[in-house]
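Report on one structure; see the data block that follows.
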Amino acid sequence: MIKTVEEKAEPVKPFLKWVGGKRQILKDLRRLLPSDFEQRTYREPFLGGGSLFFALQPSKAILSDANNHLIMAYKYVRDCPDLIYRYLLGHKRKDCEEYYYKVRTLYNKELNGGSVAQAARFIYMNKMCYNGVFRVNSTGLFNVPYGRYESVSIPSLKHIKSVSSVLKSKEIFVASFEEALEKAEKGDFIYLDPPYPPLNGTSCFNYYTRDKFTKKDQDKLASIVRELDAAGCFLMISNGKSEEILNLYKGFNVCTLSVTRFITCKKTRDKVEELVITNYEVT
């Protein structure tokens, strides 16, 4: 019998916008968790905005992503929340379209830097760029335009500190999903939220790193999922609904959800169907 995981007394919201974030379907994801979730090690190798992680706040978690800029931001928020906020406040006071592009240029000049200032630039641009998209070109340069918002919305110091507190003692590192899953152990709970396949070729913001997440990657992920299933791991996978994905996970339990998403480059939202796939029974 699958039980609903109780909400934390003080839920913490993600500090970043992220394409495909799961905030609007958290109740559904909670409903689909194993009943003994709290006793398991939580692994999330496509961390992104971390909506499920922040909602659950598992006591033991191993978090990773292939996006080194993203992981750098997580680490500095965890380790230097006051300094991160100080930099963000400076950006907020100066924000305008011209200033945004100056920050973007500086950010791209220091791509190999691992400073708290660079992490703060990442967060600022995430808040002020078009739709909170993280996209890079073929040479790895961040190229998302200014978002033209009515107001500047950066995390408050209280929010940054609450995020920092949740991330304390958590293992956070840069890795491909293959590398991250190599160390998974029997009994671990693994949440997988890879970039989805394009919807009829209309999706335009799927360049999260220099490399696209291709059909070959989807195939590889499904193969690893079957290996982890055989090894005794508990798996939950979010993905777009398509015949391709349904075939890859044939034999697993599948739940279909209706979700509102930006599905094209236009500023319009539409209802799309997404899949939540598990290798354990849910009710």
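The values are calculated or read from the model by the stated rules, or taken from the named source; none is laboratory data. Given the structure is predicted, the values throughout are model-derived calculations rather than measurements. Here the Cβ is made from the backbone with ideal geometry for all residues, glycine too, and neighbour counts use every protein chain on show.
The condition (being more than 30 Å from GLU182 (Cβ to Cβ), hydroxyl-bearing (Ser, Thr, Tyr) and under 22 Å from the mean Cα position of the chain (by Cα)) is satisfied by just one residue among TYR107, TYR99: TYR107. For the range 108-202, the helices (runs of 4 or more DSSP H) that sit wholly inside it and include 3 or more residues that are farther than 28 Å from THR214 by Cβ and not assigned by TED's automatic domain parsing to the domain that holds ALA230 are 116-128, 157-167. Can you find, within the range 94-133, the residue that is modelled with the lowest pLDDT among those that are surrounded by 18 or more Cβ atoms within 10 Å (Cβ to Cβ) and small (Gly, Ala, Ser)? Among those that are surrounded by 18 or more Cβ atoms within 10 Å (Cβ to Cβ) and small (Gly, Ala, Ser), it is GLY132. Residues in the range 67-84 that are surrounded by 21 or more Cβ atoms within 10 Å (Cβ to Cβ), within 15 Å of the chain's Cα centre (by Cα) and not aromatic (Phe, Trp, Tyr): HIS69, LEU70, ALA73. The residues listed here are VAL276, VAL259, VAL282; of these, the one that is at pLDDT 95 or above and within 24 Å of PHE54 (Cα to Cα) is VAL276. Whether any residue in the range 223-235 is buried (at least 18 other Cβ atoms within 10 Å of the Cβ), at pLDDT below 95 and either in the same structural domain as THR41 (by TED's automatic domain parsing) or closer than 25 Å to TYR130 by Cβ (or both) is what I want to check. Within the range 223-235 (the criterion being buried (at least 18 other Cβ atoms within 10 Å of the Cβ), at pLDDT below 95 and either in the same structural domain as THR41 (by TED's automatic domain parsing) or closer than 25 Å to TYR130 by Cβ (or both)), the answer is no, since none of the residues qualifies. Out of the residues in the range 156-192 that are of a type in the set (Lys, Arg) and modelled with pLDDT of 95 or more, state the one that is nearest to the chain's Cα centre (by Cα). Going through the qualifying residues, I end up with LYS170. Among all residues of the range 26-41, there is none that is among the aromatic types (Phe, Trp, Tyr) and under 21 Å from SER164 (Cα atoms). Residues that are modelled with pLDDT of 95 or more and outside any helix (DSSP H, G or I) within the range 17-33 comprise LEU32, LEU33, listed in sequence order. Take TYR149 and decide whether it is among the aromatic types (Phe, Trp, Tyr) and in contact with a strand residue (DSSP E or B) (Cβ under 8 Å, 6 or more places away or on another chain). Criteria not met by TYR149.
Counting the residues of the range 56-91 that are modelled with pLDDT under 95 and in a helix (DSSP H, G or I) gives 2. Screening THR105, THR41 for residues that are β-branched (Val, Ile, Thr) and not assigned by TED's automatic domain parsing to the domain that holds TYR149 leaves exactly one candidate, THR41. When the range 117-152 is filtered for residues that are farther than 17 Å from VAL19 by Cβ and polar (S, T, N, Q), the ones remaining, listed by number, are GLN118, SER138, THR139, SER151. Applying the selection to the range 242-251, what residues are touching a strand residue (DSSP E or B) at 6+ places or on another chain (Cβ under 9 Å) and either surrounded by fewer than 19 Cβ atoms within 10 Å (Cβ to Cβ) or of a type in the set (Gly, Ala, Ser) (or both)? Passing the criteria: SER242, LEU246.
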